[in-house]
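A.B. asks: Okay, handing you the structure first.
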Amino acid sequence: MKTVYSPLHHRRTATSELDGGVLIEPHERPSRAETILQRVRDQSLGEIVAPVNFDLAPILRVHTLEYVSFLEHCWSEWAAAGKPGEAIPQFWPARGMRQRVPKDIDGRLGYYALGADTSITDGTWEAARASVDVALTAQRLVADGERAAFALCRPPGHHAAADLFGGYCFFNNAAIAAQAFLDQGAKRVAILDVDFHHGNGTQSIFYRRNDVLTISLHGDPDLVFPHFLGFEDEIGEGDGEGSNLNLVYPPGTPFSEWRQGLETACKRIADFRPDALVVPLGVDTFEGDPISFFKLTSEDYLAMGERLGRMGLPTLFTMEGGYDVEAIGVNVANVLTGFDQLA
Ligand SMILES: NCCCNCCCCCS
Ligand SMILES: [Zn+2]
């Protein structure tokens, strides 16, 4: 399987993440992508491909123009306001407040943020754009006939909604790629999010549509980020009713439990008869992950990949979460190896 990678992810090197009331070194750090890339190379999983540069058009098929413009100018506006640290939202249009975009950068940051865990810094825009190019280049490989491709995206994307950033995400790489399949003639696309956290952004982007089936297996939002979406009664709305499936699991969930959800998801996808499958691949389901609570082992990722391969669908993997940096390379490569073994 080919891997698409861009060194421009290094432009996203935030130094602060607000966590537990203090600023820590961000969990979502450059070494994640470098560790994965090294393992892909060590395992000779396939060619490493540089991305093609795309313009804003594919992004604007998913995200609003105002949001994109906010992301492009946020850092310069923040710096121009003389703020000493990295751009961290502090004020939100909370319940009972007006849902409008103010002029002031503090107000604009809060309007477009779903959390304060994701600092915006110099270079974030460039890295987020490159991450979309990585996803769209991998999508093009699959659309042109590759059985599968791995978009080594950083920053990740599955928490980003049409006009929301957070959870370390800015552009929803998987949603943009899914929309690209449709714009290139696909009738139906399935998105199966295996990250530990609910793919809230992806769900909300396609929630009222029936041409994209969105499925997510994740930790109980009552107990973990994103907290306010991802419950099992969210099945889609309007034309999209029945096109969203959330499978929620408790702390300590092992692969033996998790894989039953994977089976349910695979059956749902087979019934949907998609032309392509997009897999937002987070490996923060790993037993050693510092911010999650499932108990998958590194070997389990081989079985996960193998099951996905058995779907027999053109498949695009987009890198999402996974914060045990020591283990992330093995865990990601195991999914891809498991998938490929059926090639
Ligand atoms: N104390 C943990 C803060 C977690 N912040 C959001 C997690 C985003 C995961 C993206 S896959
Ligand atoms: Zn995650």
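A.B. asks: State all residues of segment 280-302 that are among the hydroxyl-bearing types (Ser, Thr, Tyr) and away from ligand 1 (no atom under 11 Å from the Cβ); if no residue qualifies, say none.
C.D. replies: Our first condition is that a residue be among the hydroxyl-bearing types (Ser, Thr, Tyr); within segment 280-302, this holds for 285, 292, 297-298, 301.
Matches in segment 280-302: Thr297, Ser298, Tyr301.
A.B. asks: Within the set of pairs 6 or more residues apart or between chains, which connect a residue that is β-branched (Val, Ile, Thr) and modelled with pLDDT under 95 inside segment 115-137 to a residue that is away from ligand 2 (no atom under 16 Å from the Cβ) and in a helix (DSSP H, G or I) with Cβ atoms less than 9 Å apart?
C.D. replies: Matching pairs, first to second residue: none at all.
A.B. asks: For Pro51, are the conditions met, namely being within 16 Å of ligand 2 (Cβ to nearest atom) and modelled with pLDDT of 95 or more?
C.D. replies: On the way: within 16 Å of ligand 2 (Cβ to nearest atom): no; modelled with pLDDT of 95 or more: yes.
Here the answer is no, as Pro51 does not meet what is asked.
A.B. asks: Does at least one position in segment 213-234 carry a residue that is of a type in the set (Gly, Ala, Ser), under 26 Å from Glu146 (Cα atoms), away from ligand 1 (no atom under 12 Å from the Cβ) and crowded, with 19+ Cβ neighbours inside 10 Å?
C.D. replies: Step one: filter segment 213-234 for residues of a type in the set (Gly, Ala, Ser), giving 216, 219, 230.
Filter again for under 26 Å from Glu146 (Cα atoms), leaving 216.
Keeping just the survivors that are away from ligand 1 (no atom under 12 Å from the Cβ) gives none.
Checked against the condition, which is being of a type in the set (Gly, Ala, Ser), under 26 Å from Glu146 (Cα atoms), away from ligand 1 (no atom under 12 Å from the Cβ) and crowded, with 19+ Cβ neighbours inside 10 Å, segment 213-234 yields no hits at all.
A.B. asks: Against the conditions (1) outside any loop (DSSP other than H, G, I, E, B); (2) under 20 Å from the mean Cα position of the chain (by Cα), where does Gly107 fall short? Just the number, please.
C.D. replies: (2)
A.B. asks: Here's another thing I want to ask about it. Looking only at segment 98-110, which residues are farther than 19 Å from Glu17 by Cβ, surrounded by 11 or more Cβ atoms within 10 Å (Cβ to Cβ) and free of Cβ contacts under 8 Å to residues at least 24 places away in the same chain? Write out each step before concluding.
C.D. replies: Of the residues in segment 98-110, the ones farther than 19 Å from Glu17 by Cβ are 98-105, 107-108.
Then keep just the ones that are surrounded by 11 or more Cβ atoms within 10 Å (Cβ to Cβ); that gives 101-102, 104-105, 107-108.
The answer is Pro102, Asp104, Gly107.
A.B. asks: So, one more: From the set of residues in segment 217-235 that are touching a residue at least 40 places away in the same chain (Cβ under 8 Å) and not in a loop (DSSP other than H, G, I, E, B), which is farthest from ligand 2 (Cβ to nearest atom)? Break it down into steps so the answer makes sense when it comes.
C.D. replies: First, the residues of segment 217-235 that are touching a residue at least 40 places away in the same chain (Cβ under 8 Å): 217, 219, 223-226.
After this cut, where a residue has to be not in a loop (DSSP other than H, G, I, E, B) as well, the list is 217, 219.
Numbers: Leu217: 11, Gly219: 9 Å.
Only one residue tops the list, namely Leu217.
A.B. asks: Among Ala174, Ala149, Ala138, which is closer than 15 Å to Glu320 by Cα, outside any loop (DSSP other than H, G, I, E, B) and either charged (D, E, K, R) or within 15 Å of ligand 2 (Cβ to nearest atom) (or both)? Walk me through how you get there before you give the answer.
C.D. replies: Numbers: Ala149 fails: either charged (D, E, K, R) or within 15 Å of ligand 2 (Cβ to nearest atom) (or both); Ala138 fails: either charged (D, E, K, R) or within 15 Å of ligand 2 (Cβ to nearest atom) (or both).
On inspection, the qualifying residue turns out to be Ala174.
A.B. asks: Inside segment 303-331, can you point out the residues that are more than 11 Å from ligand 1 (Cβ to nearest atom) and either within 16 Å of the chain's Cα centre (by Cα) or at pLDDT below 95 (or both)? Outline the logic, then answer.
C.D. replies: To start, the set of residues in segment 303-331 that are more than 11 Å from ligand 1 (Cβ to nearest atom) comprises 303-318, 324-331.
Across segment 303-331, the qualifying residues are Thr315, Leu316, Phe317, Thr318, Ile328.
A.B. asks: Looking for whichever is at pLDDT 95 or above and in contact with a Lys or Arg (Cβ under 6 Å, 6 or more places away or on another chain) here; the options are Gly46, Gly20. Which one fits? Break it down stepwise before answering.
C.D. replies: Working: Gly20 fails: in contact with a Lys or Arg (Cβ under 6 Å, 6 or more places away or on another chain).
Only one candidate qualifies: Gly46.
The values are calculated or read from the model by the stated rules, or taken from the named source; none is laboratory data. No experiment lies behind these values; they were computed from the predicted model shown. Here the Cβ is made from the backbone with ideal geometry for all residues, glycine too, and neighbour counts use every protein chain on show.
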